[in-house]
1. Given the condition more than 17 Å from Tyr112 (Cβ to Cβ), surrounded by fewer than 16 Cβ atoms within 10 Å (Cβ to Cβ), hydrophobic (A, V, I, L, M, F, W, C) and in the same structural domain as Ser215 (by TED's automatic domain parsing), answer yes or no: does some residue in the stretch 170-185 qualify?
2. Among residues belonging to the stretch 126-160 that are among the acidic types (Asp, Glu), in contact (Cβ under 8 Å) with a residue 12 or more places away in the chain and surrounded by fewer than 24 Cβ atoms within 10 Å (Cβ to Cβ), point out the one that is farthest from Arg78 (Cα to Cα).
3. Return the total of residues in the stretch 137-168 being within 20 Å of Pro106 (Cα to Cα) and basic (Lys, Arg).
4. List pairs: first residue in the stretch 218-230 and touching a residue at least 24 places away in the same chain (Cβ under 8 Å), second residue in a helix (DSSP H, G or I) and surrounded by fewer than 15 Cβ atoms within 10 Å (Cβ to Cβ) anywhere in the structure, Cβ distance under 9 angstrom, at least six positions apart or on different chains.
5. List pairs: first residue in the stretch 180-209 and farther than 17 Å from Ala229 by Cα, second residue assigned to a helix (DSSP H, G or I) and among the basic types (Lys, Arg) anywhere in the structure, Cβ distance under 8 angstrom, at least six positions apart or on different chains.
Amino acid sequence: MKKLIPVLISLILPALGLSADLESRVRRLENILSHQRGSELLLELQRLRQELQRLRGQVEEQAFRLDRLEQQQREQYRDLDNRLRSAQLMSPAKGGDPNVSAPDSPPEEQLYRKALGLLKKRQYEAAVAAFQELLRRYPEGTYVDNALYWSGEAFYVKRDYSQALAAFQRLRYQYPQSPKVPGALLKIGYIQDERKERARARAALEELIQRFPQSTEARLARARLARMAHEH
């Protein structure tokens, strides 16, 4: 029996990952083997097997959560990229790049285009700083609603949901006629769903569908509501 001790230990320790608690228990197993207490050995092996199954379950759960988080991050990047590709200024120069300012364009427009260009390059911190500078310098300016929306998108991609929600909510209530409101309502619903605020998420998404039933955002809201109903 004693000759089996090194073999058993060499098989058990790698499988258990050498955690401090389990290693201590394996050493106890070694002691049991040394005294040839068969019934205690079987009991301890059963306990170790259960512990190993529990740890494997935790690893699998964490791997699933990480994979889901990475998938969500990729979806957020893709969604932002798609929105940026379709973004246009209110009065872009004909034939020009809407993200590049003409030399004689107003300072507010130049700053807005600069911020949008940074966002397009995925320089989120710099983009947020530029949008917030625009909001500070031009609180009643032409691009306030757009600046709120895009800064919210930048915060959303960074998973700073509190700042993103604040930007989208400000846009929603202060600029209810803005063409960016459907996108803001959609992201408000997404964020509240991520934060497990189910009732608020449904309310925002249903408001979006009611107010803008033919919009792309309404289609996405219906899909999210269907997924929420399935999950919960």
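The values are calculated or read from the model by the stated rules, or taken from the named source; none is laboratory data. Because the structure is predicted, anything quoted here is derived from the model rather than measured. In this analysis, Cβ positions are derived from the backbone assuming ideal geometry, glycine residues included, and neighbour counts consider all displayed protein chains.
1. no
2. Glu133
3. 1
4. Taking only residues 6 or more apart or on different chains, the pairs are Ala218/Gln210; Ala218/Arg211; Met228/Arg198.
5. Qualifying pairs under 8 Å: Val181/Arg172; Val181/Arg211; Pro182/Arg211; Gly183/Arg83; Ala184/Arg172; Leu185/Arg172; Leu185/Arg211; Ile188/Arg172.
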